[in-house]
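Notes follow once the structure below has been shown.
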Amino acid sequence: MDSISGKSQILFALVFTTRYLDLFTNFISIYNTVMKVVFLLCAYVTVYMIYGKFRKTFDIENDTFRLEFLLVPVIGLSFLENYSFTPLEILWTFSIYLESVAILPQLFMISKTGEAETITAHYLLFLGLYRALYLANWVRRYQTENFYDQIAVVSGVVQTIFYCDFFYLYVTKVLKGKKLSLPMPI
């Protein structure tokens, strides 16, 4: 049985926590503030549900990705490559870099079990589409505003590349009514 990776959800909660620290320093609008708070609450409620309320159904044996393999390089890169060496900027940069690899524990879990439930496959599809839409947004912003954020674009491309193999399997298996199963080496 597969499930959602709790470790990926912890990383996503960390991504949005570090990205939305500007809630304490910059007021943009009521809508922006409410949406950021709702996003943070949803991320932490998801982590609570996985590790608290539904822990008996959580597949801890297969959710074994070592987070330090992502966190240490991302922290280092955030200090080395950012727009300004200030705490909020480094944390924002950290959130962008971490988001590009936060899905890896989930993909590792699927590769470990060899298959994914249809609902998990749909979840991953929509996470990937979210990132692909971000790429389209960046192209549009560049065309209309002449705005280009190299850190966000490169990180988004990296994340989208991680999803490409999954997209192929989704189209060739799930859309044909089959369970998403990974080809196992002989």
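The values are calculated or read from the model by the stated rules, or taken from the named source; none is laboratory data. No experiment lies behind these values; they were computed from the predicted model shown. In this analysis, Cβ positions are derived from the backbone assuming ideal geometry, glycine residues included, and neighbour counts consider all displayed protein chains. Heads up: the accessible areas ignore ligands, DNA and RNA and are worked out on the full protein's heavy atoms, side chains in. Shrake-Rupley method; radii C 1.70, N 1.55, O 1.52, S 1.80 Å.
Which one, Leu88, Ile161, Phe126, projects farthest toward the positive side of the charge dipole computed for the chain from Cβ point charges (K/R +1, D/E -1)? Of Leu88, Ile161, Phe126, it is Phe126. Available extension along the chain between Asn32 and Glu81 is 14.9 nm, counting 0.36 nm per residue and deducting the alpha carbon span. Length gained on full extension, Tyr148 to Leu129, computed as 0.36 nm times the residue gap minus the Cα-Cα distance: 4.8 nm. If you sort Phe65, Phe162, Phe79 by accessible surface, 1.4 Å probe, largest first, the order is Phe79, Phe162, Phe65. Short-range pairs are left out: with C-alpha atoms under 8 Å and at least six residues apart, the relative contact order of region 1-83 is 42 percent.
Estimated translational diffusion coefficient (Stokes-Einstein, Kirkwood radius over Cα pairs, 4 °C, 1.567 mPa s) of region 66-113: 113 µm² per second.
Listed by chain and number, the lysines whose alpha-carbon sits under 21 Å from that of Lys179, ignoring those within fewer than 8 places in the same chain, are Lys112. Once the Cβ-Cβ distance of Glu89 and Ser181 is raised to the sixth power relative to R0 = 41 Å, the FRET efficiency obtained is 0.45.
Only aspartates and glutamates eight or more places from Lys173 in sequence, or on another chain, were considered; those with a Cα closer than 14 Å are Glu115, Glu117, Asp165. With the cut-off at under 14 Å, measuring from each backbone N in region 133-147 to a point 7 Å along the Cα-to-Cβ line of Cys164 picks out no residue. Peptides 111-118, 90-97, 47-54 ranked from most to least packed by the mean count of surrounding Cβ atoms within 10 Å: 90-97, 111-118, 47-54. Between beta-carbons, use under 12 Å as the cut-off and find the net charge around Leu21, counting Lys and Arg +1, Asp and Glu -1. Counting the neighbours of Leu21, the net charge comes to 0. Rounded if a/c is under 1.5, else prolate if a/b is larger than b/c, else oblate: which is the chain, with a ≥ b ≥ c the root eigenvalues of its Cα gyration tensor? Cα axes put the chain in the prolate bin.
With the whole protein complex present, Leu169 retains an accessible surface near 10 Å², based on a 1.4 Å probe.
The residue among Val15, Phe58, Leu40 whose Cα reaches farthest toward the positive pole of the charge dipole of region 13-63, with charges on the beta-carbon of Lys, Arg, Asp and Glu, is Leu40.
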